[in-house]
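Working notes, beginning with the structure itself.
The values are calculated or read from the model by the stated rules, or taken from the named source; none is laboratory data. For clarity, every value in this text was computed on a predicted model and none was experimentally measured. When we count neighbours, we look across all protein chains shown, and the Cβ atoms used for this are built from the backbone with ideal geometry, even at glycine. The protein model used for the area step is the full one, side chains on, heavy atoms only, and it has no ligands, DNA or RNA in it. Shrake-Rupley method; radii C 1.70, N 1.55, O 1.52, S 1.80 Å.
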Amino acid sequence: MNAITIDGPAASGKSTVGYQAAQRLDFIFFDTGVMYRAVAWALLDRGIDSTDVEAVGQVAAQLPIGVKAPGADAQDGRQATIQIGDLDVTWSIRSPSVDSIVSVVAANRLVRRELSRKQRNIGLEYGMGTTETAGVVMVGRDIGTVVLPEAPLKIYLKAPLDERARRRYNELVERGSEADFARIQDDMRLRDQIDSERTVAPLRPAMDAFQIQTEGASVLEVVEQILQLAAKHLNVAPPSPGKPDNTGGRNILPD
């Protein structure tokens, strides 16, 4: 199996380094967090209480989430295009309002059961080489522990709360969105607590995960660490200097 799982708390660098590592290895990249964010956005859009377990579970089961390669015409820095039906919600799901409820949504047992099943199917399909791609990099909070525990390479990224909050603040400012650092930090602290203490698939490193501290390290340095580990633990060719997203515009989520 050629599969890399990258877990860690919010803004620890999972998506950034995972995406670049996947390009270098010519692997499919999949950020599982976008699925939980899409459900959270849909709840806000429909006025559904995020603490209503049954109602939220029903939304997760029925929501038509699509994750596709961004395409040549996407020039806004996106790693993928996220759709609900035909609606592009790529940046809408990154809003502070979604941030404030996504951990509650992710702690819902019905949501996790539905989305974890789909995520595992993706990991097995692309990781076992049953497609034309060489492998898969999956990022999230329970990929190495629950979704794909048999993956031969598991990474857990770490960074202090204030550093992670600063990254998220800068990300929002760069996109021209309103940002309040204190609120972001408080929301992130609460998310850490919910993610770590939830009874279903809590955030924690897998027993055999390699833990990498991202504070003070450049993206390239962290990517290189992951590539060195991949060379030891996966059946991969020497990584390329960088390759385009290889999903070809397809929806990588199973039908």
Given the conditions (1) modelled with pLDDT of 95 or more; (2) within 29 Å of LEU110 (Cβ to Cβ), every one holds for ILE212 apart from (2)
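Restricting to helices (runs of 4 or more DSSP H) lying wholly in segment 89-178: which have 3 or more residues that are under 20 Å from THR5 (Cα atoms)? Don't jump to the end; show me each part of the working.
On the way: elements: 96-106, 109-127, 161-174.
Ranges flagged: 109-127.
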Report every pair of residues separated by at least 6 positions or lying on different chains whose Cβ atoms are under 9 Å apart, first residue within segment 134-145 and in contact (Cβ under 8 Å) with a residue 60 or more places away in the chain and buried (at least 24 other Cβ atoms within 10 Å of the Cβ), second of a type in the set (Lys, Arg) and assigned to a strand (DSSP E or B). ILE143/LYS154; GLY144/LYS154
Quick check: is even one residue across segment 37-50 open to solvent by 10 Å² or more (accessible area, probe 1.4 Å), in contact (Cβ under 8 Å) with a residue 12 or more places away in the chain and assigned to a loop (DSSP other than H, G, I, E, B)? yes
Can GLU197 be described as at pLDDT 90 or above, loosely packed, with under 13 Cβ neighbours inside 10 Å and either touching an Asp or Glu at 6+ places or on another chain (Cβ under 6 Å) or acidic (Asp, Glu) (or both)? yes
Within segment 2-16, can one find any residue that is more than 27 Å from ALA217 (Cβ to Cβ) and in contact (Cβ under 8 Å) with a residue 24 or more places away in the chain? no
